[in-house]
Amino acid sequence: MPESKTKIRIALILWSLSAIVGASVIESVITDKARYSPGETVRFSVQFDEDIAGASLYISYYYMNDEVNSQTLTIDTHPFTWQWQPPQTDYRGYLTEIVLQNGVEKPDTVTIAIDLSSDWSKFPRYGFLSKYSYLSTSQIEGIIEKLNRYHINGLQFYDWHYKHHMPLKGKPENPASTWNDIANRINYFSTVTGFIEAAHARNMMALSYNLLYGAYEDAALDGVQNYWRLFRDQNHRQPDFHDLPSSWASDIYLIDPSNPEWVDYIIGQTQDALGVFAFDGWHIDQLGDRGTLYDHTGQNVFLPDTYYPFIHEVKNTLNTSLVINAVNQYGQSEIAESPVDFLYTEVWSPNDSYNTLVSIILQNNSWSNGNLATVLAAYVNKPQSTQPGLFNAPGVLLTDAVIFAAGGAHLELGEHMLANEYFPNDNLQMPGGLDEQLIGYYDFLVAYQNLLRDGGDFTQDYLQSEGDVSIRNTLRKGSIWSFSKMVENTQIFHMINFENATTLNWRDDDGDQPEPDMLRDIQVFFTASEEVNSLWLASPDIGGGVAQDLTFQQDGDMVWFTVPTLKYWNMVVANYGPVSRVENEKSALHPKFIFKGNYPNPFNQSTKLQFDLSNDVDVTLRIYDIRGREIDTLVDNNMPAGFNEVVWDGLNRYNNPILSGVYIVRIIAGENIAVSKMILMK
């Protein structure tokens, strides 16, 4: 390990201890952009809560668990700024660790991630804006700067427009300075353009929100023909509409997206708006499954069939970025084949459990052949949003842990945090501390995006428990949920803590999902596909997300190790290679320990386990089933040097016969550990 990295590790430990007895000296760290293209310079700024001129910063830059660069800087300004030139490789995430050595008694550490991506759609981190009353330049900058700290690289401008069928008020050559939106809020031209300019300065994309088929009741006055509408009956007497409060400007009447006159009309209106406002694209919304619908001639209109041609026509005409909401996956398979930047799903019942979030992400990945990322609009604590209150932090963090671990992103951050499908609803606010926790989660999402979101295949493998802690590959209360995927020669295992969970509903309807207990020293193992070259762990809940190496033992295809801590979410990474570092070290240190396995294998009634010891030593020999549950302890005492043999007769600790199957023997002899499989066939 490089000396600078060692110093940082020591400082990190000391910082963790100092956090218990005193506040941090470093108040915050920011970068100038949410996303950088190859060749761009990253500019950092650190704010301190006191004058510490002359102190030093030790700075390390990590790509996954490898330190790619480090530097030591002397603080001479407040705030203190510096620059870094990342490597030129496109589509990479980095984690920066900054250690302040302010004397010897109080080191301080912060981390921040960097996204080096020329195209935002590779790793979208989507946010929103929804309020456009008059705001000063400093107010606008403050909102965008906060979203920049979360590395939000694209913004949905929700309900910025005048009317759904006529987003721009006025003419392109003379746009209005203010207008009322559908909720009769006054929106300001200066606020919308100010947000777009501020977002672009941070390298964020700005997308204009609008429906693909929405019009006001009196839209015929603006040229929208009534015979373009969708109807509930074949006699065009019952137009389909979305009911809204009477105080609003209108209900929303649905127009047939396959009607070429409507397509030409709405593309023209959108083109006018994009010509005035410097939007980078169109976020197209829909209303999901509306049941059986008809056009004016009485012909059935199946909405998903209209999405693909509509999106293609928009792309060919406007040549802009496009995203379309697949409400609860409605029409997503068709959308996945169209020219959208990524796949976006607004999640509703019956997709209520945490594992359905994973299923949606995997389904999107399958439909797009792994080419499109997924963003989920999932409204945590929605039932609570009808009145003022606070988000339940554990519900938010567990939902983000599941979405991020599965390779997705979560639309949740804007001027406020999102709890309702009507984005201006800000009844729920973040409780104290959640803001900083979420910054850590978004840093983690960026820093490890090449493992979390850059391809790979999910497998049936998972971490299994050697001890009392329950680890399962299915979602259960009272257990740790583990699943994995392979990215080239790297296997990623996730551990998400549901030990204290009271609900498996990600929406956390009652807002009472409890904070999980911190678990420590969890004994786990997994079956390796080949020799493991290195094993490391990273977590957004621990040490600022910086990776830590894990010691492990491998015998054949079994790998054993200890997880030091688990709060909400851990990521364990196994790198496979031709050389097993651990086995080489073990052989060099303890050349005279030999475990010969069991004979016969497979066996019917009994089998012999044989091992050689170079000296008298304490030995523990236990039998486990394939799920990691202990079956029996055969040895737990001091054993003499030389040849030793232990017989197992296929009984459990209660002397009851066990079923046929695969069992695991683990022997610990002093500092030596060996693992082997046995097959019982009755």
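Summary of computed values
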| read-out | value |
| --- | --- |
| Pairs, first over 19 Å from Arg629 (Cα atoms) in the range 508-533, second aromatic (Phe, Trp, Tyr) and at pLDDT 95 or above, C-beta under 8 Å, six or more apart | Gly511/Phe391; Pro516/Phe498; Pro516/Tyr568 |
| Residue that is nearest to Val572 (Cα to Cα), among those in the range 454-485 that are at pLDDT 95 or above and aliphatic (A, V, I, L, M) | Leu463 |
| Only listed residue being closer than 24 Å to Leu537 by Cβ and of a type in the set (Val, Ile, Thr), chosen from Val99, Val42, Val46 | Val99 |
| Whichever residue in the range 186-211 is of a type in the set (Val, Ile, Thr) and within 21 Å of Ile152 (Cα to Cα) and, among such residues, is surrounded by the fewest Cβ atoms within 10 Å (Cβ to Cβ) | Thr193 |
| Test: residue in the range 472-482 that is in a strand (DSSP E or B), in contact with an Asp or Glu (Cβ under 7 Å, 6 or more places away or on another chain) and touching a residue at least 24 places away in the same chain (Cβ under 8 Å) | yes |
| Leu376 being hydrophobic (A, V, I, L, M, F, W, C), surrounded by 23 or more Cβ atoms within 10 Å (Cβ to Cβ) and at pLDDT 95 or above | yes |
| The range 156-179, residues that are exposed (fewer than 14 other Cβ atoms within 10 Å of the Cβ) and polar (S, T, N, Q) | Asn174, Ser177 |
| Matching residues in the range 184-207 - criterion: being closer than 24 Å to Ser37 by Cβ and part of a loop (DSSP other than H, G, I, E, B) | Arg202, Asn203, Met204 |
| Filtered residues of the range 148-183 (kept if part of a strand (DSSP E or B), closer than 18 Å to Ala219 by Cβ and small (Gly, Ala, Ser)) | Gly170 |
| Qualifying helices (runs of 4 or more DSSP H) (wholly inside the range 327-445; at least 1 residues being in contact with a strand residue (DSSP E or B) (Cβ under 9 Å, 6 or more places away or on another chain) and not assigned by TED's automatic domain parsing to the domain that holds Asn210) | 393-405 |
| Residue match in the range 657-666 (condition: among the basic types (Lys, Arg), modelled with pLDDT under 75, closer than 23 Å to Val559 by Cβ and within 42 Å of the chain's Cα centre (by Cα)) | no |
| Wholly enclosed strands (runs of 3 or more DSSP E) of the range 611-682 bearing at least 1 residues at positive phi and outside the structural domain of Leu463 (by TED's automatic domain parsing) | 642-648, 661-669 |
| Single residue of the range 214-245 satisfying the filter (over 30 Å from Leu147 (Cβ atoms) and within 39 Å of the chain's Cα centre (by Cα)) that is surrounded by the most Cβ atoms within 10 Å (Cβ to Cβ) | Ala215 |
| Flag for Thr292 being touching a strand residue (DSSP E or B) at 6+ places or on another chain (Cβ under 6 Å), assigned by TED's automatic domain parsing to the domain that holds Tyr213 and either of a type in the set (Ser, Thr, Tyr) or within 17 Å of Trp228 (Cβ to Cβ) (or both) | no |
| Residue in the range 106-113 that is of a type in the set (D, E, K, R) and without any contact (Cβ under 8 Å) to a residue 60 or more places away in the chain present | no |
| From the options Ser136, Ser70, residue that is among the hydroxyl-bearing types (Ser, Thr, Tyr) and in the same structural domain as Ala373 (by TED's automatic domain parsing) | Ser136 |
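The values are calculated or read from the model by the stated rules, or taken from the named source; none is laboratory data. Quick caveat, the model's predicted, so the values are computed rather than measured. A quick note on method: Cβ atoms are made from the backbone with ideal geometry, for glycine too, and the neighbour counts reach across all protein chains shown.
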